[in-house]
Amino acid sequence: MVETPCVKICRMLEGGSLCRGCGRTLEEIAHWTEMSPEGRRAIMGGLAERLRRIQMLDTASRSEA
């Protein structure tokens, strides 16, 4: 079984840059099963920071509304 950061919340940020659920790009999601375990781990190592950025963007957009 391939390890994955997917949390079954598959919604892309406006503009389609990152998934709100896992923080991956569409390209990363599309090629995930083809990547080496090392490649997947390298991406997963940066997902926490991406998810923090997503939360900051969501917070900023709510305060502007």
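The values are calculated or read from the model by the stated rules, or taken from the named source; none is laboratory data. This structure is a prediction, so every number in the text was calculated from the model and none was measured. Counting neighbours? That spans all protein chains shown, and the Cβs are built from the backbone with ideal geometry, glycine included. Surface accessibility is based on the protein's heavy atoms, side chains included, excluding ligands, DNA and RNA. Shrake-Rupley method; radii C 1.70, N 1.55, O 1.52, S 1.80 Å.
Placing dummy labels 7 Å off each Cα toward the beta-carbon, the span from Arg20 to Leu57 is 1.1 nm. Relative contact order for the stretch 1-50: what is it in percent, counting Cα pairs under 8 Å that are at least 6 residues apart? Normalised by residue count, the contact order of the stretch 1-50 is 28 percent. Relative to the dominant Cα principal axis of the chain, helix 37-64 is inclined by about 10°. Within the listed set Met12, Met44, Met35, the residue fluctuating most in the Gaussian network model of the chain (springs between alpha-carbon atoms under 10 angstrom) is Met35.
Counting only protein heavy atoms and a 1.4 Å probe, tell me what percentage of the chain's accessible area is made up of carbon and sulfur. Don't skip to the answer; put the middle values down first.
Values: 2650 of 4710 Å².
The C+S portion of the solvent-accessible surface of the chain is 56 percent.
Taking a ≥ b ≥ c as the square roots of the eigenvalues of the Cα gyration tensor, the chain is classed as prolate, since a/c reaches at least 1.5 and a/b is larger than b/c. Over all other residues within a Cβ to Cβ distance under 11 Å of Leu57, the charged ones net out to +2, with Lys and Arg as +1 and Asp and Glu as -1.
Do any GluC sites (Glu not before Pro) in the chain lie in a loop, going by DSSP, with at most 10 other beta-carbon atoms within 10 Å of their beta carbon, and if so which? Write down the numbers at each step before the final one.
Numbers: sites: Glu3, Glu14, Glu27, Glu28, Glu34, Glu38, Glu49, Glu64; in loops: Glu3, Glu14.
In loop regions of the chain (DSSP not H, G, I, E or B), the sparsely surrounded GluC sites (Glu not before Pro) are Glu3, Glu14.
Charge dipole of the chain (Cα centre as origin; +1 on each Lys and Arg Cβ, -1 on each Asp and Glu Cβ, all else neutral): 220 debye, rounded to the nearest 20.
Compute the signed sum of charges (Lys and Arg +1, Asp and Glu -1) over the other residues within less than 13 Å, Cβ to Cβ, of Ile43. Taking every Cβ under 13 Å from that of Ile43, the sum is -2.
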